[in-house]
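Shown next, in structure tokens, is the structure this report addresses.
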Amino acid sequence: MGDSPDSAAITVEGLWKIFGSRAQKVLDSEDRHLEPAALREKTGCTAAVRNVSFAVRPGEVFVVMGLSGSGKSTLVRCLTRLIEPTAGEIRIGGEDIGRASPARLREIRRHQVSMVFQHFGLLPHRKVIDNVAYGLEIQGTPKAARHARAAEILSLVGLDGYADAYPDQLSGGMQQRVGLARALAVDPQVMLFDEPFSALDPLIRRDMQAEVIRLHREVGKTMVFITHDLSEALKLGERIAIMRAGSIVQLGTAEELVGAPADDYVADFVRDVPRSHVLTLRWISRAPEPGEPLDGPEIAAGTVIKDAIAVASASSRPIKVVDDGELVGVVDRVDLLTFLSGQDIAVKAGA
């Protein structure tokens, strides 16, 4: 994973969640390895999360995606023990969540971790400012101080002028902004998003995705985002974990998932993604050939391939692909055309 448990914002090791009266017995037997349908038929239990391990870096947007029933929502609820794990270890900020007392868990949920759900959960009889300030009220913050903080956060999420409105006077997108503001108001270390935009119209959903990106840039919170939508995952995630039947089948950057899918399941997920929009020049650069001129334009190795096409088209010389001033390789027009032609063939074959 590349992160030590001490440096990670969230560490999950060997996490299992098995639903059913015989959960512990299943965990202690070889039955735990059965496919979902076979496990239910034999034991009456469902293994929603199967031996999951990962670490989330401080300030990272970490996306967990998968189809319905893959275990992603159960996983995120296990992180703060809204659902009790059957086995495994969870640490947030270095603290062992499994060992936390009920009182300590309440403190963690009030102060360190905020959740944003698909259903906004706003209090209909309270004004927007009081909905945003609700977590601070639970903490015992005086009214003047919590209203001042709520007003500050409302401005941050673009809801200036709506403090005295009621939730039913707002659109769905605006209500979700209130939900975001409420989660931010307590200044948590970690924010957990469980498919928060899946009920919104596509245009509003796109706006809310952009809002999350902007807020992350401004406040830098560690975020774990659950979604079933690949485009949303690719847009938001610095790293993405793809789940299937309770297990993580691949964890990596968008470029790693699209460029080197771990199996047919992941390949099927990403087959319609335009690879030139995700992969960078680092992916297709090559060593210079003997005598090949190296006086062409320079482009950073992290440049997305589609953004390099204009430069390559305008130069008869190979492009030098550099990383922090160091030559990584070269790419010429033929390399780009070969890649783009192969991409077109791959898309047609997968159609």
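The values are calculated or read from the model by the stated rules, or taken from the named source; none is laboratory data. No experiment lies behind these values; they were computed from the predicted model shown. Note that each Cβ is placed from the backbone with ideal geometry, even for glycine, and that neighbours are counted across all protein chains shown. Quick note on the areas: whole protein, heavy atoms, side chains included, nothing else; ligands and nucleic acids left out. Shrake-Rupley method; radii C 1.70, N 1.55, O 1.52, S 1.80 Å.
Side notes on the structure shown:
- Residue in the range 168-188 that is aliphatic (A, V, I, L, M), over 22 Å from the mean Cα position of the chain (by Cα) and either open to solvent by 50 Å² or more (accessible area, probe 1.4 Å) or over 24 Å from Met223 (Cβ atoms) (or both) present: no
- Any hit, the range 290-297, residues being under 15 Å from Ala312 (Cβ atoms), crowded, with 19+ Cβ neighbours inside 10 Å and touching a Ser or Thr at 6+ places or on another chain (Cβ under 7 Å): no
- Only residues that are aromatic (Phe, Trp, Tyr) and buried (at least 18 other Cβ atoms within 10 Å of the Cβ) were counted across the range 263-282, and they come to 1.
- Whether a residue is touching a Gly at 6+ places or on another chain (Cβ under 8 Å), at pLDDT below 90, open to solvent by 50 Å² or more (accessible area, probe 1.4 Å) and not in a helix (DSSP H, G or I) was assessed, and Asp207 does not pass this test.
- Of the criteria (1) surrounded by 22 or more Cβ atoms within 10 Å (Cβ to Cβ); (2) farther than 16 Å from Thr74 by Cβ; (3) of a type in the set (D, E, K, R), which one Glu41 fails: (1)
- All of Lys127, Lys72 fail the test of being at negative phi and either β-branched (Val, Ile, Thr) or more than 20 Å from the chain's Cα centre (by Cα) (or both), apart from Lys127.
- For beta carbons closer than 9 Å, sequence separation of 6+ or different chains, a first residue in the range 21-46 that is free of Cβ contacts under 8 Å to residues at least 24 places away in the same chain and a second that is among the hydrophobic types (A, V, I, L, M, F, W, C) and loosely packed, with under 12 Cβ neighbours inside 10 Å, the qualifying pairs are Asp31/Ala38.
- Filter result (outside any strand (DSSP E or B) and in contact (Cβ under 8 Å) with a residue 24 or more places away in the chain) within the range 232-254: Glu232, Ala233, Leu234, Lys235, Leu236, Gly237, Glu238, Ala245, Gly246, Ala254
- Residues within the range 11-33 that are of a type in the set (A, V, I, L, M, F, W, C) and in contact with an Asp or Glu (Cβ under 9 Å, 6 or more places away or on another chain), tallied: 2
Conditions tested, residue by residue: (1) over 17 Å from the mean Cα position of the chain (by Cα); (2) open to solvent by less than 40 Å² (accessible area, probe 1.4 Å); (3) within 25 Å of Ala9 (Cβ to Cβ).
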position	(1), (2), (3)
Gly158	yes, no, no
Phe197	no, yes, yes
Leu236	no, yes, yes
Ile248	no, no, yes
Leu251	no, no, yes
Leu257	no, yes, yes
Pro261	yes, no, no
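- Taking strands (runs of 3 or more DSSP E) as the structural unit, those lying wholly within the range 280-343 and holding at least 2 residues that are of a type in the set (D, E, K, R) correspond to 319-323.
- Of all residues in the range 84-131, those that are over 15 Å from Ile10 (Cα atoms), at pLDDT below 95, in contact with a strand residue (DSSP E or B) (Cβ under 9 Å, 6 or more places away or on another chain) and in a loop (DSSP other than H, G, I, E, B) total 1.
- When residues in the range 131-148 are screened for being charged (D, E, K, R) and surrounded by 19 or more Cβ atoms within 10 Å (Cβ to Cβ), 1 of them pass.
- Taking the conditions (1) out of contact with any helix residue (DSSP H, G or I) (no Cβ under 9 Å at 6 or more places or on another chain); (2) closer than 26 Å to Leu215 by Cβ; (3) open to solvent by 50 Å² or more (accessible area, probe 1.4 Å) in turn, Gly121 satisfies each one other than (1).
- Total residues in the range 136-158 satisfying the condition of being within 26 Å of Gln209 (Cα to Cα), assigned to a helix (DSSP H, G or I) and in contact (Cβ under 8 Å) with a residue 12 or more places away in the chain: the figure is 7.
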